[in-house]
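Notes for the one structure printed next.
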Amino acid sequence: VAGIVITYTRAIRINDHVRLADIEGKIIERTAFVTRIRTPKNVDVSIPNSSIMSDKVINYSSQAKKTGIVLHTGVTIGYDVPWPKVQELLLSAAAATEHIEEDPAPFVLQTALDDNYVAYELNAHTGRADLRPRIYSALHANILDSFHTAGVEITSPLYLSLIHHLRFRRTTLVKS
């Protein structure tokens, strides 16, 4: 029954790039009982259709073909760097990344104001759901290059927390 429901709901089709049951890849076959996915590592995985019906289905291809999908990634930057500079660097990294579309334009959100850093999220559209891992990899490389060239450090929240803790302990020990 699950195979029939999947067929008629058109949630997934052959050649769609999906995430099913925590497996991401390209649909290569659908039968009445199983759906086969080829992962980016070229591994074929068979997932029972009953599992697909009881779990969420993420189809990256369905909207990518029509309007594109939004890729997003985040960085944390210290308060010493002005937010317009961070946005400029993130947007320039997106512009340098192949398969990131100019229209609609990439945009940046400030998602958190923590004790030691600001969290930023870069959002950019692509029509190439099939290349998501490669686009993410290129985007991350361009972000690193953009920030390194500008002399801006991408901070690690754990690192900053440890530094803050060590400074506090050193100050406390010195006063003792």
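The values are calculated or read from the model by the stated rules, or taken from the named source; none is laboratory data. Treat the numbers as computed from the prediction; the structure is a model and nothing was measured. Here the Cβ positions follow ideal geometry from the backbone for every residue, glycine too, while neighbour counts run over all protein chains shown. These area figures cover heavy atoms from the full protein model, side chains too; ligands, DNA and RNA do not enter into them. Shrake-Rupley method; radii C 1.70, N 1.55, O 1.52, S 1.80 Å.
Side notes on the structure shown:
- Counting only aspartates and glutamates at least 8 places from Lys26 when in the same chain, those with an alpha carbon closer than 20 Å to its own are Asp16, Asp44, Asp55, Asp130.
- Sorting Glu98, Glu29 by solvent-accessible area of protein heavy atoms yields Glu98, Glu29, largest first, with a 1.4 Å probe.
- Within-15-Å neighbourhood charge of Asp145 [Cβ basis; K, R +1; D, E -1]: -3
- Part-to-part distance (alpha-carbon centres) for the stretch 143-157 and the stretch 64-98, which is given in Å: 12 Å
- Volume of the convex hull of the stretch 7-105 (Cα atoms only), normalised per residue: 140 Å³.
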